[in-house]
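Following: one structure in structure tokens, then a few remarks.
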Amino acid sequence: MGAAALKQETHKPDKWGDLFGGGKAVIYGIALLVGTSVGVINPLSTTHMTANHGEEIWIGIISSSYFLFMALGSVFADRTMRGTDMKKIVTAGLLLTGVCSALFPLFTANGVWLLLMSLMGIGISCNMMGLQTALHSLSDEKSLGMVSGMYSLCFAFGLIASSALAPQVYDMVAWLPFAFSSVCLIAASAIIYFKLAGLLVIPGRTREKVLSKIHLPMFGAFVYGFGETIVVSLYPLYLIREHVAVAQTGYGLSIFAAGSLLGLLPVTYLADRIGRRKCLILCVFISIFTMVGIVTSGSMPVRLLFSFASGFMIGPLYPLAMALTAQELPPGERSSGNAMFTAFYGFGSAAGPFVSAVAMNAWGNQHLFTACLLLFCLFLAHAAFTRKGSKIQLTKEEIL
């Protein structure tokens, strides 16, 4: 009995070590700070431009430029910084984003806003690529899902908390939330510079074609970015057009965010047990029905129920796709995988609101998620096709 108790005691710290040990807790803290900053930048930039009578088309272009340059920045970093320590680049990127965030409320010119948002997208992309590569280098294969889930949880918690509180502060002092965002990024860059020595080294260029190994998680990153930004940017507009009181439009988004937060750890824990690919496909499949439920529900309480379920299923897509990317690649190729992951996420985030807005204007309000549902179905078809192809290839190898 004493031996059994000792075994339990020695096993328990290993579980906590898998999740928090080896510097991972530091990366979670950085994710919380960066998420808090992004939760100010994304929504409040739109609020500030609207308050200063920015034209709708310019607001759309400037908001999308953040995600577009996030995608382009990650690709550029991967192609030009092979074999180098990215610590200084990531630190400089966050400091640049912090400066741009502090300057954003001081200007009212579209060209300046576009430049600042583009630079912030580049700065955040370097952080995402470097930080996720460092996280995976510290993670054990069997806990990749939970580690990615904890990283996403910390980032999302900071983002949701700041996006809820920042507008209230903005109404009192417009520049203050942007300054707070800048302070968070400066703190994150200091932690990276002093605490993550040697963990942000990008390996030399690989001769292997990385994308061919990770096409499914890249598709997953794209559909997540596509769907998430539709919910964040257009779901409140959809509710207003459905004659929901303006005071209640925030409930749908808040319930979606709550479902996303609560779903991250349970779903990623399950993924580490039953398989990350299988869990990613299952979440996309269930999300199709929950999103259909949102646009077909006749009452607000039922719509909120489907909103929670959608968040619970869609929220984990990011860490599941990120963990599957790391799972499919050897350590030397994971930085390239993370760069592509950030790029596909950025392109999806930039495309989602635009395509969905076009669909709503062309065919009506009920087509809020039509483009997203089509993408989800294509994802499932691609997953089924590639699985069938891999089985055929395995059979050929066995014959030979």
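The table below lists the values:
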item: Average Cα contact separation per residue, the stretch 55-171, under 8 Å, 6 or more apart, as relative contact order %; result: 34 percent
item: For the stretch 93-101, 3J(HN,Hα) per residue [Karplus equation, 6.51 cos²θ - 1.76 cosθ + 1.60, θ = phi - 60°, Hz, x = Gly/Pro]; result: x, 5, 5, 4, 5, x, 5, 5, 4
item: Residue 299-residue 209 FRET efficiency (beta carbon distance; Förster radius 35 Å; 0.05 resolution); result: 0.10
item: For residue 49, net neighbour charge (Lys/Arg +1, Asp/Glu -1) across residues whose Cβ lies under 12 Å away; result: -2
item: Residue-span extension gain [residue 25 to residue 164] - 0.36 nm each, minus C-alpha spacing; result: 47.5 nm
item: Vicinal HN-Hα couplings computed from phi for the stretch 343-351 (Karplus, 6.51 cos²θ - 1.76 cosθ + 1.60; Hz; Gly/Pro x); result: 5, 5, 4, x, 5, x, 5, 6, 7
item: The chain - convex hull of alpha carbons, volume per residue in Å³; result: 166 Å³
item: Cα-based Lys pair tally, the chain, threshold under 20 Å, eight or more apart or on separate chains; result: 21
item: Separation in nanometres of the label points that stand 7 Å from Cα toward Cβ, at residue 363 and residue 79; result: 3.5 nm
item: Relative contact order computed over the chain (Cα-Cα under 8 Å; 6+ residues apart), in percent; result: 24 percent
item: Cα-based radius of gyration of the stretch 77-139 once divided by 2.2 N^0.38 Å, which approximates compact folds; result: 1.30
item: The stretch 23-38-the stretch 125-189 distance, computed between alpha-carbon centres (Å); result: 5 Å
item: Within-11-Å neighbourhood charge of residue 320 [Cβ basis; K, R +1; D, E -1]; result: +2
item: Neighbour count of at most 14 Cβ within 10 Å plus DSSP loop: longest GluC sites (Glu not before Pro)-free window in the chain; result: 209-400
item: Difference of contour (0.36 nm per residue) and Cα-Cα distance, residue 171 to residue 56; result: 39.3 nm
item: Packing-based order for 210-217, 379-386, 295-302, using average beta carbon neighbours within 10 Å, highest first; result: 210-217, 379-386, 295-302
item: Kirkwood Rh in Å, taken over the stretch 222-350 so that all alpha-carbon pairs contribute; result: 15.4 Å
item: Estimated [θ] at 222 nm from DSSP helical runs (n ≥ 4, -39500 (n - 2.57)) normalised by residues in the chain, nearest 500; result: -28500 deg cm²/dmol
item: The stretch 213-354: relative contact order in percent, alpha carbon pairs under 8 Å with at least 6 residues between; result: 46 percent
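Bear in mind these aren't lab numbers, they're just calculated from the coordinates by the rules spelled out. Please read these numbers as outputs of a predicted model, since none were measured by experiment. For neighbour counting, all protein chains shown are included, and Cβ atoms are generated from backbone atoms with ideal geometry for every residue, glycine included.
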